[in-house]
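Following: one structure in structure tokens, then a few remarks.
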Amino acid sequence: MPRDQAAAFLRALAGANPAPETELLYRDPFTLLVAVVLSAQATDAAVNRCTPALFAAAPTPAAMAALGAEGIGPHIRRIGLWQGKARNVAALAQQLMEQHGGEVPRDRAALEALPGVGRKTANVVLNVAFGEATMAVDTHIFRLGNRTGLAPGKTPREVEDMLVRRCPPELLRDAHHWLILHGRYVCKARAPECWRCVAATQCNYRDKVPAPPR
Ligand code: SF4
């Protein structure tokens with residue numbers, strides 16, 4: 001897809017949602033980091049049902065480290081992979097205390113060195129907490145990039161790099177949210193709802209889905 005078509009695609013999404021935000025509940029960079037770690041292979045809604053009580057019990061890295069995996073676990077049992085996530089959240093809180101003065105580092109390498117934090121999580125934290133123009137490729141963006149022709153790629157990293165190349169710099173930070181929300185609610189995995197898609201004109205998907213019969 002040419003860059004001007006990619007820009008038009010994103011501007012169509014922007015027109016429908018000028019100020020997009022993450023759907024995860026958080027208070028500050030630390031609680032955002034924990035929420036994103038918990039959201040791996042889980043829905044934001046499932047994470048949001050658990051985190052208010054967890055963050056009330058442990059609002060800081062010091063409190064979270066003190067709570068430990070045994071104390072974190074009961075708060076997050078309804079989230080998939082909760083045992084491993086409880087261990088990771090306790091360990092990352094401890095690492096923040098020992099290596100970063102209890103602060104979330106604004107640095108990709110330091111973020112990716114934390115337990116349970118990969119490139120996607122680091123990209124979300126850099127984007128949402130620190131305002132950086134990063135592109136976190138989750139399952140929705142990976143599918144959407146390939147389906148629409150916006151950013152074809154065999155791996156999340158290939159899709160990320162293509163999106164960064166094709167997206168106008170001034171749209172890049174919000175593009176992360178536009179694409180996730182579009183994939184979650186319109187360009188869905190099983191059947192995209194092309195008949196109500198604001199970017200249908202710019203999309204290269206050949207088998208656009210018509211409106212269901214009434
Ligand atoms: S037209 Fe269909 S396939 Fe293309 S972006 Fe919209 S919902 Fe997705």
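Bear in mind that the values in this text are calculations on the coordinates, not laboratory data. Just so we're clear, the structure is a prediction, and the values are computed from it rather than from any experiment. Glycine gets a Cβ as well: all are built from the backbone with ideal geometry, and neighbour counts include every protein chain shown.
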Anyone know which of R143, R165, R190 comes out most mobile in the 10 Å Cα GNM of the chain? R190
Once the dipole of the chain is set up from charges on Cβ (+1 Lys and Arg, -1 Asp and Glu), the residue from the list P52, A191, V164 lying farthest towards its positive end is A191
Between R3 and Q83, what FRET efficiency follows from the Cβ-Cβ distance if R0 is 45 Å, with the result rounded to 0.05? 0.50
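Mind checking the alpha-carbon convex hull of the chain and giving the volume per residue in Å³?
Numbers: hull volume 26.8 nm³, N = 214.
Convex hull volume per residue, Cα atoms: 125 Å³.
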Note the full-extension length gain between V164 and A91 as 0.36 nm times their separation in residues minus their Cα-Cα distance, in nm to one decimal. 23.1 nm
Region 29-128 shape via C-alpha gyration tensor axes, a/c threshold 1.5: oblate
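Tell me, W178, W82 in order of fewest to most beta-carbon neighbours within 10 Å? The partial results should precede the final answer.
Values: W178 22, W82 18.
So the residues, fewest neighbours to most, are W82, W178.
Nearest 20 debye, what's the magnitude of the dipole of the chain about its Cα centre given +1 on Lys and Arg Cβ and -1 on Asp and Glu Cβ? Provide the component values of the computation, followed by the final result.
On the way: 26 positive and 19 negative charges, 189 e Å.
The calculation lands at about 920 debye.
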Using the Karplus equation 6.51 cos²θ - 1.76 cosθ + 1.60 (θ = phi - 60°), what ³J(HN,Hα) coupling, rounded to whole Hz, does each residue of region 172-184 give in order, writing x for Gly and Pro? 4, 4, 6, 4, 3, 6, 4, 6, 4, 5, 5, x, 6
Taking only Cα atoms and a 10 Å spring cutoff, compute GNM fluctuations for the chain and point out the largest among F55, F130, F30. F130
Roughly how many whole Å is it from the C-alpha centroid of region 188-214 to that of region 106-136? 32 Å
Pick from A69, A53, A122: which is most flexible by mean-square fluctuation in a GNM of the chain where alpha carbon atoms under 10 Å apart are linked? A53
